[in-house]
Every structure is written in C-alpha cells, then in structure tokens.
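Notes to accompany the following structure.
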Amino acid sequence: MSNREPIGVIGTGYVGLVTAAGFAELGNDVYCIDIDEAKIAGLERGEIPIYEPGLEELVAKHRGRLHFSTDINDALEHARLLFVAVGTPPSYSGDADLTAVFSVVGSMPPEGEHALIMKSTVPVGTGRAIKRRFEETGRSNFRYVSCPEFLKEGSAVKDFLNPDRVVIGDDGDWAGDAVQELYAPLNAPILRMDIASAEMVKLASNAFLATKISFINEIANVSEETGADVSEVARGMGLDDRIGPKFLQPGIGFGGSCFPKDVSALKQLAGNSGYHFQLLSAVIEVNELQKRKVIGKLKRSLGSLVGKRIALLGLAFKPNTDDMREASSLVLAGRLQGEGAEVVAFDPIAMEEAKHLMPHGVDFADDELSAVRDADAVVLVTEWEQFGKLDWNEIAGAMRGEVVVDGRNALDPDAVRSAGLRYEGVGRGREGDPADPAVVAGADAQPASLGSGPG
C-alpha cells in the first residue's frame with residue numbers, strides 16, 4: 001500500500017492524462033476529472049484518446065490507481081492537491097482564453113484545505129488574478145501553485161519520469177511544500193520561486209526554443225543562396241557548449257500545441273504591458289514564411305503546379321504523435337491546392353485526426369507506396385522513422401516524376417539520388433544550381449531571399 005497522498009487532475013487531455021499516469025506510476029491514487037462524458041467513458045474502458053508512446057501501457061498498468069469521473073466532487077472528496085490541465089487556447093484578441101481555468105476556480109467549494117496546481121500554460125499574472133478571485137469569493141483558505149509542464153510530445157512519459165527540472169511557483173506555504181514532496185522521488189532539480197516567475201519560465205523557454213528554430217531556418221535560407229550546407233553549419237555551431245545542438249534542425253517550420261501558442265502569448269503579454277517584443281514578431285513571421293517555401297522549391301523543379309500530383313509523407317506536426325495542431329502540413333496542403341495541385345497524403349498515426357483538419361479534396365493514401373504512385377513530386381513533411389527506411393528504387397518506380405523535397409533534412413540524399421530521383425533538402429543548396437561565385441564573394445551580390453515571399 002502506497003503512503004503517497006491522492007491527487008486530483010482536472011482535464012484529461014494531453015498534459016492531464018500524462019501527468020495522471022505519471023503520478024500513478026509513482027504510487028499516487030489519481031482522480032481524473034473531465035467535462036467530456038464520452039472521453040471519460042472511453043478512459044474507463046481503457047481507451048486512450050491521444051497517441052503517445054508508452055501512455056496506453058502505463059494507464060493499463062495502473063488501472064487500480066486511476067479513477068475517472070465527470071464530477072469534480074470526486075476529486076475534492078479524496079484529494080487536497082488539484083492539478084489543473086485544461087485548455088488555454090488563443091482568443092480572437094491573441095490573449096490566452098482562460099475560460100476553462102476560471103470555470104475550475106469557480107467550481108471550488110467555499111470550505112476545505114485545497115490547492116490548485118496550475119499545469120496549463122497561462123499568462124504571467126494569472127496566479128495573482130486567481131488568488132484575488134479566491135479572496136473575493138470567500139475562499140481565502142485555498143492555495144495556488146504554478147507548476148508548469150515541460151513535456152515533449154512523442155516522449156512525454158519519459159519526460160515526466162525523468163524531468164530536467166521541476167519548477168514550483170508558490171507563496172512559501174504548505175501547498176508548495178506538498179508539490180515538492182510529490183516530485184521528490186524523481187530526483188530532478190526542484191526550483192522554488194515566486195508564482196509570476198514560474199509562469200514566465202514556461203513561456204520564455206518555449207519562446208527561446210522557437211527562436212532557435214527560426215534562426216537556423218534563416219541560416220538554411222542563406223545557405224541555399226551561398227552554397228553552404230546548413231547541416232554542416234549546425235553541426236559546427238552545436239558543438240559550442242554555449243549554443244548546443246538541440247533545436248538546430250532546419251525544416252519547414254514549427255507547429256504543435258505549444259510553440260506557436262506560447263510565442264504568440266508572450267508577444268501579446270509584452271504588448272499588453274506596453275513593450276513591443278520585436279524579436280518574437282520576427283520569429284513568428286519567419287516560421288509562417290518557412291512553411292510556404294516548399295512551394296517555391298516545387299515550382300523551380302516542376303514549373304506550374306496546376307494538375308501536378310504532390311505526395312505529402314507525414315502530416316502530424318512532429319513524429320511519434322497524432323497531434324495536428326498548427327501542423328505545417330495544413331498550410332502546405334492548402335497552398336498546394338491553391339496553386340492547382342492535386343494533393344495526396346499519408347501519415348502512419350495521424351490520418352484520422354488529419355481527415356478532420358486537412359483542406360477538402362486531399363486524397364488520403366493507405367501507405368507510402370500508394371501515396372507516391374503517379375506523383376510528380378514527394379515532400380517529406382514529418383520525419384517519421386519509417387520514412388528514412390524507404391526503398392527509394394521502389395519509390396522511383398511508382399512515381400511519375402522525380403522530385404523529392406526533404407522538408408526535414410531527414411532522408412539520405414545519396415540513397416534518393418542513386419534511385420535516379422532529384423533530391424532537394426532545406427539549406428543544402430539547390431541541385432543543379434551551384435552558388436553564384438559573386439554571391440559567395442559578395443561582389444555585386446543581391447540580398448539573399450529570407451522568405452520575403454511565399455516561395
């Protein structure tokens with residue numbers, strides 16, 4: 001019998017379910033609450049609503065410790081620590097929509113010793129507003145802790161059990177101590193700080209990583225104009241321990257549930273405070289333009305895209321997830337159709353989710369070979385491991401054309417070329433289009449295009 005105290009988790013989406021399963025693994029009984037009756041019914045049957053490696057197995061392993069309900073009183077009855085993991089999507093104004101967060105706050109009872117531990121990503125100042133709401137409604141006995149999550153989709157279970165740090169923002173009372181005790185078995189650095197600083201850590205971390213991605217994408221764009229190979233450039237940069245190799249992989253733009261939302265949220269927060277965060281404006285612009293640069297690569301090789309059949313390999317915003325939020329494939333498919341192209345797509349995991357979000361008219365294939373059959377060009381959008389093991393001779397035999405655009409620099413260029421196909425990566429120069437010596441030398445050079453237009 002575990003002597004660890006029971007906890008509540010409000011919201012059984014991506015963050016909430018991984019958090020619940022992780023604490024169950026540590027020995028806690030976890031009371032999971034969600035307003036979605038169908039989702040709760042599915043979870044009670046053992047059905048996991050998201051794809052995350054290892055999560056289904058962990059939930060099954062701890063069926064006895066995980067309790068699912070639509071009634072928040074089930075959590076309040078058993079747990080004093082309530083982790084909040086509800087959605088905070090951007091509103092029309094660009095601010096985070098905190099409707100779900102304050103709905104949870106409003107559902108708290110007037111009495112009892114409880115603490116809300118915020119896992120949802122919220123603007124700096126949210127904790128202050130929630131504590132004020134507690135005071136105004138006679139719930140001054142409630143405590144509030146900011147404990148931002150740093151889970152990466154595709155490795156979230158591993159990240160929970162092996163965190164690089166745990167950030168706890170609190171008022172130095174019993175609630176912060178209790179959260180610290182919960183995480184103590186993970187043997188990770190625990191940073192105690194004020195609530196506002198903890199709220200800022202999450203936004204600042206994701207904004208910095210997004211900045212790193214946009215920066216290397218700009219370097220990739222310059223590399224294409226000058227003949228440099230951005231893969232070699234990134235390798236040379238990454239060995240500098242002040243920089244590091246992570247998030248120096250160029251591609252066709254970042255997406256997902258965190259980076260776009262958090263970068264925009266921090267920019268909006270700064271604007272609301274009277275500060276213009278110019279750097280983040282550039283990060284967002286570069287990322288949006290980067291998603292569209294594939295169109296230019298295809299046009300250079302194929303000319304007009306009207307009537308051309310373009311195969312997209314991978315749809316999710318990253319491998320090992322079915323998450324389609326802000327996925328580059330959504331923008332790319334829409335732009336291709338706008339150019340008159342026929343789009344066929346395949347993803348090993350995200351197909352069902354993609355069918356709800358992709359533009360009308362996209363043809364979904366059953367496998368890679370079906371997707372590339374009679375295609376004039378193939379675009380690697382998501383770097384699933386299986387795509388790196390493709391038989392390119394078989395692919396070449398199925399295609400009508402010969403163009404392969406490696407949107408993640410994840411393929412073996414030599415393997416693609418040896419099959420008689422034309423390979424083009426991101427920032428690796430242009431095949432058959434060597435750099436102009438004048439550009440390299442700087443003599444009579446025109447400024448390199450850094451994504452100033454759609455192509």
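The values are calculated or read from the model by the stated rules, or taken from the named source; none is laboratory data. Since this is a predicted model, take the numbers as computed values, not measurements. Neighbour counts run over all protein chains shown; Cβ positions are idealised from the backbone, glycine included.
Evaluating G271 against the criteria (1) touching a helix residue (DSSP H, G or I) at 6+ places or on another chain (Cβ under 9 Å); (2) part of a helix (DSSP H, G or I); (3) within 28 Å of M200 (Cα to Cα); (4) of a type outside the set (A, V, I, L, M, F, W, C) leaves one unmet condition, (1). If you check P245, P163, P250 for being more than 23 Å from V124 (Cβ to Cβ), within 24 Å of the chain's Cα centre (by Cα), in a loop (DSSP other than H, G, I, E, B) and in contact (Cβ under 8 Å) with a residue 12 or more places away in the chain, only one passes: P250. Is one or more of the residues making up the range 265-279 within 25 Å of G154 (Cα to Cα), crowded, with 19+ Cβ neighbours inside 10 Å and in the same structural domain as M399 (by TED's automatic domain parsing)? There is at least one residue in the range 265-279 that is within 25 Å of G154 (Cα to Cα), crowded, with 19+ Cβ neighbours inside 10 Å and in the same structural domain as M399 (by TED's automatic domain parsing).
In the range 62-75, the residues that are free of Cβ contacts under 8 Å to residues at least 24 places away in the same chain and charged (D, E, K, R) form Cβ pairs under 9 Å with partners that are surrounded by fewer than 20 Cβ atoms within 10 Å (Cβ to Cβ) and assigned to a loop (DSSP other than H, G, I, E, B), at six or more places apart or across chains, as follows: R63/G46.
Return yes or no: is G22 in the same structural domain as V101 (by TED's automatic domain parsing), surrounded by 15 or more Cβ atoms within 10 Å (Cβ to Cβ), free of Cβ contacts under 8 Å to residues at least 24 places away in the same chain and in a helix (DSSP H, G or I)? It is false that G22 is in the same structural domain as V101 (by TED's automatic domain parsing), surrounded by 15 or more Cβ atoms within 10 Å (Cβ to Cβ), free of Cβ contacts under 8 Å to residues at least 24 places away in the same chain and in a helix (DSSP H, G or I).
Working only within the range 295-327, note down all residues that are farther than 14 Å from D376 by Cα and hydrophobic (A, V, I, L, M, F, W, C). So that I can check it myself, show each step before the final result.
From the range 295-327, those farther than 14 Å from D376 by Cα are 296, 314-327; that's our starting set.
Answer for the range 295-327, where residues must be farther than 14 Å from D376 by Cα and hydrophobic (A, V, I, L, M, F, W, C): L315, A316, F317, M324, A327.
Only one entry of G138, G236 meets the criterion of being outside the structural domain of R128 (by TED's automatic domain parsing), farther than 27 Å from R325 by Cβ and of a type in the set (G, A, S), and that entry is G236.
The condition (being of a type outside the set (V, I, T) and modelled with pLDDT under 95) is satisfied by just one residue among G429, G397, G340, G401: G429. Any residue at all in the range 74-91 that's closer than 26 Å to S257 by Cα, more than 27 Å from the chain's Cα centre (by Cα) and modelled with pLDDT of 95 or more? Yes, the range 74-91 contains a residue that is closer than 26 Å to S257 by Cα, more than 27 Å from the chain's Cα centre (by Cα) and modelled with pLDDT of 95 or more.
One residue alone among A156, A184, A198, A178 is assigned by TED's automatic domain parsing to the domain that holds G125, in contact with a strand residue (DSSP E or B) (Cβ under 8 Å, 6 or more places away or on another chain) and touching a residue at least 12 places away in the same chain (Cβ under 8 Å), and that residue is A178.
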